[in-house]
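This report refers to the structure that appears directly beneath it.
A short reminder: the numbers here are calculations on the coordinates, not readings from a lab. Keep in mind that this is a model prediction, so the values were computed, not measured. Note that we place each Cβ from the backbone using ideal geometry, even for glycine, and neighbour counts take in every protein chain shown.
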Amino acid sequence: MTLTFDDLLTRARSLPQDGRRALLGIAGSPGAGKTTLAERLVRELNGAGRPWVAQVPMDGFHLADVELERLGLRGRKGAPETFDAAGYAALLRRLREDTEDGIVYAPGFERVLEQPIAGAVPVEPTARLVVTEGNYLLLDTGAWAAVRSQLDEVWFCESDEPERLRRLIARHEEFGKPHDEAVAWVLRSDQPNAELVAATRDRADLLVPPTAVPSPHEPPTARAGA
């Protein structure tokens with residue numbers, strides 16, 4: 001049977017048990033639709049009622065450009081070593097444990113500036129499900145190895161490769177790169193990262209086909225929240 005978006009909603013809704021907060025990770029290669037899926041899940045699950053699902057992106061743990069320059073990694077931005085993986089794992093651990101002592105603030109990522117923004121994402125104590133998305137949730141090397149143990153489930157977004165590459169190039173163009181520069185960046189930087197991420201897919205709890213990820217332009221359905 002083909003997995004559908006409704007199936008994903010049902011599975012995500014069932015993750016919190018006995019009042020305990022659950023953390024759901026959505027992994028996949030750059031441009032695979034992780035953020036689109038995460039945003040849509042959160043919006044549909046929250047519905048029109050009191051929000052009980054929060055979204056925390058891994059991209060908030062990008063190192064700032066000034067630090068990448070200091071480390072000589074500016075040209076590798078987006079690779080595993082250009083993130084604060086230990087900080088990300090520590091935040092996930094806090095989200096698991098600190099569920100009643102007030103708001104937990106997570107960093108966001110500003111795509112126009114291509115910079116992390118501290119304290120941009122509030123996670124209320126009432127959040128029973130936290131959805132976090134990123135490339136390297138299933139990586140088992142270095143500080144990334146501590147991430148998987150903090151997540152109840154990790155889903156992996158499969159992708160149609162030509163479409164994934166097209167979306168990546170279009171994204172870079174949208175945020176200011178000329179076409180030739182966007183293509184060069186995708187081939188030089190994004191594609192090696194994508195191959196690394198693809199090698200982690202067998203560690204996922206669920207493989208999500210492209211057909212189960214709604215289009216960003218598809219209108220939401222009228223579903224109840226919790």
For the stretch 117-179, would you read off the P(r) tail past 20 Å as a percentage of all alpha carbon pairs? 56
Hey, can you rank 12-22, 66-76, 149-159 by average C-beta count inside 10 Å, highest first? 149-159, 12-22, 66-76
Which whole-Hz ³J(HN,Hα) couplings does the stretch 29-40 yield from phi under the Karplus relation 6.51 cos²θ - 1.76 cosθ + 1.60, θ = phi - 60°, glycine and proline marked x? 5, x, x, 7, x, 4, 5, 4, 5, 4, 4, 5
Beta carbons within 10 angstrom, averaged per residue: use that to sort the peptides 110-118, 33-41, 165-173, highest first. 33-41, 165-173, 110-118
